[in-house]
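Each value in this text was obtained by applying a stated rule to the coordinates, not by laboratory testing. Bear in mind the structure is a predicted one, so any value in this text is a computation, not a measurement. With ideal geometry, Cβ positions are generated from the backbone for all residues, glycine too; neighbour counts draw on all protein chains shown.
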Amino acid sequence: MFQTRSAMKSHARRMGPALALTLSWSIAAVAAPSVVTLPGDHAYPESLTSTADGTVYVGGFATGGVLRVRPGAGQAEPWIKPGADGSGSTLGVLADEASNTLWVCSNNLSAMGVQVASSDQGSALKGFDLKTGERKISARLPGARTLCNDIAVGPDKSVYATNSLAPQILRLRPGSSELEVWTDDPAFEPPKSGAGLDGLAFGSDGNLFVDTFTKGELFHVEVKDGKAGKIIKLQSSRPTTLTDAIRPTQDGHAFLMIEGDGKVDRVTIAGDRASIDTLKDGFSGPTGVTQVAETAWVSEGQLPYLLDPTRKGQGPKLPFKLYAVGLSGN
């Protein structure tokens, strides 16, 4: 009645290549984990990114460094060591396969009580070899108030990053080692107590979409000849809270977005309106999302346990985890 996987695959090969391929995909789907655990009791994951083969990379807010989840694995493994190339707390991470680079937002958060062994002060956008993890580049954010939060690669192959403590989107041109202020607009001014710009992603039309964390706003930034054009605040179908990471869906028709109050959403843009459809609610302080095939992986950061003084003495739910949210049919 029951067959081993090897027997099933052997039978499928006898039935023909098409059936064998279908069955292989079916077996892989059954074997894929729905949860990935992170090592240690202090992981506090922040951003997520992934490559075409399904490898997932995880930024470490409290520990620094980058964890890696191999395709089909149920547990993350250390990859880039904390403090590598003088890096501090790791917020945004973005896999850029075209340039074989893992881009990382590195920040010194010692003023917030988060200590990572690092020689860097301030914030920097760092690039590591996507295959070896070796250092490629480090570009310091200009200015006195800096917090490198998230990253996107534009159609012009430049790398863009948000500064959460100033109304700035920064750009690193191909071949350059210095970040420039691409746009500095009052619409993105952060509140006196809280964070401003957070997630960003390019749409299939070549324009940029960004959100602000504390205010929970979404914006469309027109891109003309590589320059920032008109900035439009989008009208959302419902209020959004603590909007965080944004990633384009693989079909290019929408975006995945995190809300810090517990949600992962699908966001569809039409003109100056954003339709917000919640895929799943109930996460404890979600921080990042990335798509692998028909799955959205979500990091449960639980950062309030680290940063909120009212939770002193309370501990996060262990182990820290990434959760799979199915996208088929949504």
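A few remarks follow.
- Simple label model, 7 Å out from Cα along Cβ direction - Arg238 to Arg145, nm: 3.3 nm
- Of the residues Gly216, Gly122, Gly40, the one that moves most in a GNM of the chain with alpha-carbon contacts below 10 Å is Gly40.
- Alpha-carbon Rg/Rh ratio, for the chain, with Rh computed the Kirkwood way: 0.99
- Highest mobility in the GNM of the chain, judged by mean-square fluctuation with C-alpha springs under 10 Å and restricted to Ser106, Ser50, Ser237, is found for Ser237.
- Choice from Asn149, Asn163, Asn207 with maximal GNM fluctuation in the chain (Cα, 10 Å cutoff): Asn207
- Within the chain, the longest run free of exposed loop sites, counting GluC sites (Glu not before Pro) that sit outside DSSP helix and strand states (H, G, I, E, B) and have at most 15 other Cβ atoms within 10 Å, spans 1-133.
- Counted charge near Glu77, where neighbours are those whose Cβ lies closer than 11 Å (Asp, Glu -1; Lys, Arg +1): +2
- Of the trypsin sites (Lys or Arg not before Pro) found in segment 169-249, those in coil by DSSP whose Cβ has at most 12 other Cβ atoms within 10 Å are Lys192.
- Segment 161-176 - phi-based ³J(HN,Hα) in whole Hz, Karplus 6.51/-1.76/1.60, Gly and Pro as x: 9, 8, 10, 6, 9, 8, x, 10, 10, 9, 9, 10, 6, x, x, 8
- Per-residue Cβ neighbour counts within 10 Å put Lys263, Lys131, Lys136 in the sequence Lys131, Lys136, Lys263, beginning with the fewest.
- Likely footprinting exposure, Met257, Met112, fewest C-beta neighbours within 10 Å first: Met112, Met257
- Reachable aspartates and glutamates from Lys81, criterion Cα separation under 18 angstrom, eight or more residues apart if same chain: Asp41, Glu46, Asp120, Asp129, Glu134
- In this label model, Ala32 and Asp129 are separated by 3.1 nm, measuring between points 7 Å along each Cα→Cβ vector.
- Ascending count of other beta-carbon atoms within 10 Å, so fewest first, for Thr162, Thr310, Thr101: Thr310, Thr101, Thr162
- Put simply, segment 225-280 fits an ellipsoid with semi-axes of 20, 14, 12 Å; these come from the alpha carbon gyration tensor as the roots of five times its eigenvalues, largest first.
- Ala117-Ala73 pseudo-label distance in nm [points 7 Å out on the Cα-to-Cβ vector]: 2.2 nm
- 222 nm mean residue ellipticity, helices alone, for the chain (DSSP H n ≥ 4; -39,500 (n - 2.57); rounded to 500): -2500 deg cm²/dmol
- The simple Förster model, with R0 at 41 Å and r as the Cβ-Cβ distance, assigns Asp251 and Val181 a FRET efficiency of 0.80.
- Contour minus Cα-Cα distance for Asp205 and Lys312 (0.36 nm per residue): 33.9 nm
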